[in-house]
1. From largest accessible area down, sort 103, 21, 261, 277; use a 1.4 Å probe on the protein chains.
2. Relative to the compact-globule scaling 2.2 N^0.38 Å, provide the ratio for the alpha-carbon radius of gyration of the stretch 45-119.
3. For a quick check of understanding: with a 1.4 angstrom probe and all protein chains in place, what accessible area in square angstrom does residue 64 have, to the nearest ten?
4. With the full set of protein chains in place, find how many percent of the accessible area of the chain is carbon and sulfur; take the probe as 1.4 Å.
5. Note down the accessible area of residue 274, probe 1.4 Å, to the nearest 10 Å².
6. Hey, with R₀ at 25 Å, roughly what FRET efficiency would residue 114 and residue 86 work out to, going by the Cβ-Cβ distance, to 0.05?
7. For the stretch 76-134, count all C-alpha to C-alpha pairs, find those more than 17 Å apart, and express that count as a whole percent of the total.
8. Under a 1.4 Å probe, what is the accessible area of the stretch 38-129 per residue, stated in Å²?
Amino acid sequence: MKEIDVSVILSAYNEEERWFREAVESIINQSYENFELILILDNPNNTLLEGIINEYVNKDDRIVYIKNEKNLGLVKSLNKGLEYARGKYIARMDADDIANVDRLKKQYEFMEVNKDIDLIGTSVDFIDENNSIIQKNTFVVKNSDKIRDYLKYTNVVVHPTFFFRKSILQKVNGYREISFAEDYDFICRVVAAGYKVSNLSESLLQYRIRQNSISRDKTLAQIYNAFYLKKLYKERLKSGKDSYSIDDLYSEDKISNKEIRDFDKSEQLKSTADNKRKSGKALEGKIIFAYSKIISKYARKNAMCTAWYKILAKMYE
């Protein structure tokens, strides 16, 4: 059996047909060809996606199809993909993003030359539902030591650009069940285990932002779990292990009704501030935005973390 250089892991659930086809075809049309694409369908009742996957399987023998018997969630699906992976490198891909045609080639060549780097990400362009570029990522951290510091405040490696040596799984053991922040946890554990992480400054992925993809519960869970992960990361840097418990992750019963109402009000004010700025009322928008960060405990904590991250960026200039 031919040796595989790269295993690309993509889990799908309910993505639109157009987005899913664009994601899959952006991988199978890569300029670098020695890879396997592990497609995991985490919604066994989605006959549309299943039909599309079977269509690609019949056309391309590099595709490995895994159909979950029931919905397992992203983390368990990704870990299942890791178990099936035969490549010496693992690449992540989301089911609604678009990879640059040279993405795998450039990441593979970088890793082959830079043996001291264990995981490489890339810059990205953020796109909307119609593939129009919303924003280009201009802040890319390449230095491994700086990434180690930045992770105390935020994740600076975009998940669907992960490209790493499979050998790191011997210490990291895949993803942990941390809703909406499994990538942050993974990269923190990689770095804390002594592995080196970097980024390519070139944008090699178009990262899709869905208009209705971020609910209040998801946003609040991301913030809550991210702060928990920051604590675990510092524990690992200090002692090599952490006190992770699934019972300490976000759930609504850990937050009071008042805190939820305050957070909802904060999110509404952020939207109002954005509309003010768009209508030319910049100063009013800034005042409303600042107030939105004051009224909510979790918005305030998130703002403080962002402030420290920006201070760190200034120090590294």
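The values are calculated or read from the model by the stated rules, or taken from the named source; none is laboratory data. Given the structure is predicted, the values throughout are model-derived calculations rather than measurements. Note that we place each Cβ from the backbone using ideal geometry, even for glycine, and neighbour counts take in every protein chain shown. Heads up: the accessible areas ignore ligands, DNA and RNA and are worked out on the full protein's heavy atoms, side chains in. Shrake-Rupley method; radii C 1.70, N 1.55, O 1.52, S 1.80 Å.
1. Working: 103 0, 21 55, 261 145, 277 100 Å².
Accessible-area ranking of 103, 21, 261, 277, largest first: 261, 277, 21, 103.
2. Values: Rg = 14.9 Å, N = 75, 2.2 N^0.38 = 11.3 Å.
Ratio of Cα Rg to 2.2 N^0.38 Å: 1.31.
3. The accessible area of residue 64 comes to roughly 40 Å².
4. Working: 7750 of 15930 Å².
Accessible surface attributable to carbon and sulfur in the chain totals 49 percent.
5. Taking all protein chains as shown, residue 274 has close to 60 Å².
6. Working: r = 23 Å, r/R0 = 0.92.
Rounded to the nearest 0.05, the efficiency is 0.65.
7. Values: 908 of 1711 pairs.
Counting every Cα pair in the stretch 76-134, those more than 17 Å apart make up 53 percent.
8. Details: 3910 Å² over 92 residues.
Roughly 43 Å² per residue, with all protein chains present.
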